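The values are calculated or read from the model by the stated rules, or taken from the named source; none is laboratory data. Since this is a predicted model, take the numbers as computed values, not measurements. Cβ placement follows ideal geometry from the backbone for every residue including glycine, while neighbour counts extend to all protein chains displayed. Remember, those area values only see protein heavy atoms, side chains included, never the ligands or the DNA or RNA. Shrake-Rupley method; radii C 1.70, N 1.55, O 1.52, S 1.80 Å.
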Amino acid sequence: MEFYQRLLISLIPIAVALALSRLVFSKNYSSDNKSILQFPRVYRIGTFIAFCIFLIGGICIFLFQFEEWPLIILLFVFFALPCLTMAVMWSLWKVEIKPDGFIYRNFFGRKKEYKFIDLEYQMHPRGLKWYFYKGNKKVFCMPYYIEGGDNLEKRHRSYIKKIKKQDKS
């Protein structure tokens, strides 16, 4: 009976992992859509798989109670929680490019909208990041490993050229 109670208790984290998998493997990601930028899928999938490995390992140790199992479970939790945190945060981060600006959703899900006309653009000296400033304050940084991240820089540059052309006329 005690084994079945431990088995029932261990099904709760599995249910949580399945619910979180909907967030990690969400269908709103499309590599065809050039106006939505997100972290590469391998970042989100890799951390979620690592979380599942630690979760399943901890459940197996809990069920079969190997020697010193409480310390091993604590070690698994110590590694599993950062993996879960990274998977959720990388799934939330998103940039949606609009014709006159972009909407940025940070790691915590908070959205901010920026207009290209208000922003200044600057590239990192080694070309690894694109910085956007509003006044003298840095408001956004686009890292190089975001697939299609240069689309934001290109859209900003073309919008500014269009505005300058309209001002001359």
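Just checking the listed ones, M123, M86, M142: in the Gaussian network model of the chain with Cα springs under 10 Å, the one fluctuating most is M123.
Per the Kirkwood formula applied to alpha carbons, the chain shows a radius of gyration over Rh ratio, Rg over Rh, of 1.17. Given 0.36 nm per residue, what is the gain on full extension from N106 to S169 after removing their alpha carbon distance, in nm? Here the segment from N106 to S169 would lengthen by 18.8 nm.
Excluding same-chain neighbours fewer than eight residues apart, the lysines reachable from K164 by a Cα-Cα span under 17 Å are K115, K154.
The long axis of helix 2-24 is offset from the longest Cα principal axis of the chain by roughly 10 degrees. Summary of packing: across the peptides 149-160, 124-135, the per-residue average of other C-beta atoms within 10 Å ranks them, highest first, as 149-160, 124-135. Taking Cα atoms only, the orientation of helix 41-64 departs from the longest principal axis of the chain by about 10 degrees. Protein heavy-atom surface of the range 98-169, 1.4 angstrom probe: 49% of the accessible area is carbon and sulfur, with nucleic acids and ligands not counted. Placing unit charges on each Cβ (+1 for Lys and Arg, -1 for Asp and Glu) gives the range 43-141 a dipole about its Cα centre, and among Y114, Q65, L75 the Cα reaching farthest toward its positive end belongs to Y114.
Under the convention that each Lys and Arg Cβ holds +1 and each Asp and Glu Cβ holds -1, the size of the dipole of the chain around its Cα centre is about 1380 debye.
The residues of the chain expose, per residue, 65 Å² of accessible area to a 1.4 Å probe. Put simply, the C-alpha atoms of the range 47-108 give a gyration tensor, and the ellipsoid matching it has half-axes of 38, 9, 5 Å, longest first. Per residue, the chain reaches -18500 deg cm²/dmol at 222 nm when only DSSP H runs of four or more residues are counted, each adding -39500 (n - 2.57). Relative to the longest principal axis of the Cα atoms of the chain, the long axis of helix 69-92 lies at roughly 20 degrees.
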